[in-house]
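First the structure, in the form of structure tokens, and then the observations on it.
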Amino acid sequence: MPAATPALPVSDHSRPGWKAWALLAPMVFWLLVFVVIPGIILFVYSFCERDEVGGVIFNFSFDNYRRVFDPVYLRIFARSIGYAGLTTVICVVIGYPVAYYIGRASEELRNRLLLLVMVPFWTSFLIRTYAWITILKQEGMLNSFLAAMNLGIGPFNLLYTPTAVVIGLVYAYLPFMILPIYGSAEKLDNSLIEAAYDLGAGPIRAFSSVIVPLTMPGIAAGTLLVFVPAIGMFAITDLMGGAKVPMIGNVIQNQFLQARDWPFGAALGVIFMLMFALTYVILQRRGSRSTA
Amino acid sequence: MIEIRGVTKRFGAFTAVDNVSLTVNAGEFITLLGPSGCGKTTLLRLLAGFETPDEGAVLLDGVDVSHEPPYRRSVNQVFQSYALFPHMTVKDNVGFGLRMQNVPTAEAEGRIRDALATVSLAEQADKLPHQMSGGQRQRVALARALVCRPKVLLLDEPLSALDAKLRHGMQLELKHLQRKLGLTFVFVTHDQEEALTMSDRIAIINKGKIEQLGDATEIYHRPRTPFAADFIGQANLLAATIILRKGATATVRLESGLELVVACTDLPASATKALVSIRPEKIHIGRVPAVAENVFQAKIEEEIFQGATDQLRLITDQGTKLHALVANESATQVAFHEGDRVYCSLHLDDIVIVQAE
């Protein structure tokens, strides 16, 4: 029998010509100047020492890395991972149904709903975070609303608590979960779902054995886009956590701007990047396995 | 087995299936044949449970299943796009239905093996769908449906994505399988040749209604409507006036003045006008007149070589244009050429009245 995909007469993919390089040049330049070179500087600094006024002395040592594994910082790393993990789980739980619904909607409705997902980006991120402060603070909109409704619940003391931080993180990153899952759901062939029903799968089993595995690439991409930046987020923890629940992003920011200990900040940053890379590799493995 | 009782399905203002009634017998291969958009796929989806009827009922073994969801109906479908689960191996695809029915693993293993052997794919059990050819995927889809032992197997244009040669092979194989296993098949296609090759009965569907229901020979030789005559095979459809009746025959006059004797068993007594259908291959062409009720002379306007046959465009002496097909029996045979004058002979049974008023 003939092969499923006949070989197409295409040029050699492994060696792009000068045209391909010309097209890629802006991106290569951008990555080099803003990612690769700063990365190298960070890596070099992480093995240096600081002087009294906050300068960097090029004196090779592992001291910074020894400090990273101090229990104080390990706890902060663990907390950051915990909050980011919780944020990711909540984003999947809230975002999946929304993304799935948008992906299965008619084309016209789909575009309108996608616009709604994007609307928050029209306002500055900081302004939106301050809006949350207005909602959550002691005499804020949430508590006023609950008091007015006379439901007998509240007032809640939410602002400057870990709950507020997670609310803020979920709010900030939800669109980054919705969009990739939407991408997977939209591509999902309806006849596959019908085939599952036809073969005796009720809605729940069709969902768990066909729909979820086939939208897994979207979930993996969304997790990467939410989990990784959420670990490093410092603005929300500062504003909504009242700097009482520092995350790793806050510590790094402090080392560079307040403590003026650049080498230690760099070491934290390098460990942080290694964590990113590890998460990425794990998700990539899982992603490629579920779509193979 | 299956009974469709006065089923109507509308999508907004569009009526996809219009008051259709049809009974499918156990062990029968029935084909729903029609052009795209005629409602044949909607009818199949009503049987599968993907659509619910707006009016009427679908009965399976005497039980009304009109509002049962697809996962509670013992019918299975082979999808046009095969709809194989891309994240599962062939074996897991075939076993999906059994897992959903909680069939014990040991029994399921055996049934999966048998099903794959039936479609000659025993060796490919651990492959993923994308590693297989179109024809193989088609067999996996078939095995996945058959392994559930459905009361009725629904097939939605399952061969349309295959190339012509493979398609022809699969037609015979499907027919053979259906006979061997004694299954009931409801097959949807727009390909009239496929329908004629495989079916016990064919339902010709047009604009949401069944135009004609009958076995392949009946559908081909005795079309009952102009649509049926035109859609199945080729037909010369000619308007005529009924000028004389004598027992089971009538004489009709075509617009050109050519008079033909035709068989008419169920022609209404009041009818004066008719539309007659003549299959191109039934016009016997010769240098000398043959023995038949209708013999007339014509000139060959155009001759098109088609391999096994020659397609001829004729114009009779009276001016009626006709298509005819003659077999290319031998390469050395004296063929017909453009401009030749020939005799056309037609039996009265080969002219069918498809419409009368």
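Computed from the coordinates by the stated procedures, all read-outs in this text should not be read as laboratory data. From a predicted model like this one, the values you see are computed outputs, not experimental measurements. Neighbour counts are summed over all protein chains in view; Cβ atoms, including those assigned to glycine, are modelled from backbone coordinates with ideal geometry.
For this structure, a couple of remarks:
- More than 31 Å apart - percent of Cα-Cα pairs taken over the protein assembly as shown: 69 percent
- Cut-off 17 Å, label 7 Å out along Cα→Cβ of residue B:301, residues of segment B:204-242 by amide N: B:235-239
- Only DSSP H runs of four or more residues enter the estimate; each adds -39500 (n - 2.57), and after division by the residues of chain B the mean residue ellipticity at 222 nm equals -7000 deg cm²/dmol.
- Dipole of segment B:2-230, positive end: most advanced residue of B:15, B:29, B:226 [Cβ charges, Cα centre]: B:29
- Here the label points at residue A:94 and residue A:243, each 7 Å from Cα along the C-beta direction, are separated by 2.7 nm in the simple model.
- Selection from A:165, A:258, A:87 lying farthest towards where the dipole of chain A points positive, charges on Cβ: A:87
- A dipole drawn for segment B:234-356 from +1 and -1 charges on Cβ atoms has a positive end, and of B:269, B:284, B:309 the residue lying farthest that way is B:269.
- Two-decimal log10 I(q)/I(0) for segment A:65-155, as the Debye equation yields it once each C-alpha is a single scatterer, q = 0.12, 0.18, 0.20 Å⁻¹: -0.73, -1.07, -1.07
- Electrostatic dipole magnitude of segment A:134-292 [Cβ: Lys, Arg +1; Asp, Glu -1; Cα centre; debye, to 20]: 340 debye
- Computed Kirkwood radius, in angstrom, where 1/r is averaged over Cα pairs of segment B:29-111: 15.1 Å
- Across all directions, the average flat footprint of the convex hull enclosing the Cα atoms of segment B:1-71 is 4.8 nm².
- Counting neighbouring Cβ atoms within 10 Å and putting the fewest first, the residues A:65, A:171 line up as A:65, A:171.
- Counting only DSSP beta bridges whose two residues both lie in the protein assembly as shown, roughly 80 percent are antiparallel.
- What the Kirkwood sum gives for chain B is a hydrodynamic radius of 23.0 Å, with every pair of different alpha carbons counted.
- Max-minus-min Cα coordinates of chain A on each principal axis give 74, 69, 34 Å, with the largest extent listed first.
- Remark: relative contact order (segment A:142-234) = 33 percent; criterion is Cα-Cα distance under 8 angstrom and separation of 6 or more residues.
- Segment A:14-45-segment A:235-267 distance, computed between alpha-carbon centres (Å): 29 Å
- Potential lengthening of the chain between residue B:107 and residue B:308 amounts to 67.3 nm, from the contour at 0.36 nm per residue minus the alpha-carbon distance.
- Legend: ranking of residues A:34, A:272, A:43, B:187 from fewest to most surrounding C-beta atoms inside 10 Å; resulting order A:34, A:43, A:272, B:187.
- Listed by chain and number, the lysines whose alpha-carbon sits under 22 Å from that of residue B:207, ignoring those within fewer than 8 places in the same chain, are B:9, B:40.
- Taking every DSSP beta bridge that has both ends in chain B, the antiparallel portion is near 80%.
- Fewest neighbouring Cβ atoms within 10 Å first, the residues A:280, A:73 line up as A:280, A:73.
- Separation between Cα centres of segment B:153-195 and segment A:153-196, rounded to whole Å: 46 Å
- Cβ charges +1 (Lys, Arg) and -1 (Asp, Glu), total dipole of segment B:1-104, debye: 320 debye
- Cβ-placed point charges (K, R +1; D, E -1), dipole of segment B:234-356 about Cα centre in debye, nearest 20: 400 debye
- Rg over Rh for segment B:97-205 works out to 0.97, using Cα positions for both radii and the Kirkwood form for Rh.
- Charge context of residue A:103, other residues only, Cβ under 13 angstrom, K/R +1, D/E -1: 0
- Spacing of the two label points (7 Å from each Cα toward its C-beta) at residue A:19 and residue B:168, in nm: 4.2 nm
- R0 of 56 Å, Cβ-Cβ distance residue A:109-residue B:318: FRET efficiency to nearest 0.05: 0.35
- Distance from the C-alpha centroid of segment A:56-108 to that of segment B:62-118: 41 Å, rounded to the whole angstrom.
- Förster-model FRET efficiency, 41 Å R0, residue B:123 and residue A:280, C-beta, rounded to 0.05: 0.60
- Net charge over other residues, Cβ less than 13 angstrom from the Cβ of residue B:120 (K, R count +1; D, E count -1): -1
- Once C-alpha pairs closer than 8 Å and six or more residues apart are averaged by separation and normalised to the residue number of segment B:2-230, the relative contact order reads 28 percent.
- Cα coordinate range in segment A:196-258, projected on the principal axes (Å, largest first): 63, 19, 11
- Charge sum, other residues only, whose C-beta stays under 15 Å from residue B:352's C-beta, Lys/Arg counted +1 and Asp/Glu -1: -4
- Kirkwood Rh in Å, taken over all unlike Cα pairs in segment B:85-148: 11.3 Å
- Percentage, to the nearest whole number, of Cα pairs in segment B:230-357 over 22 Å apart: 35 percent
- Taken over segment A:148-275, the ratio of Cα radius of gyration to 2.2 N^0.38 Å equals 1.51.
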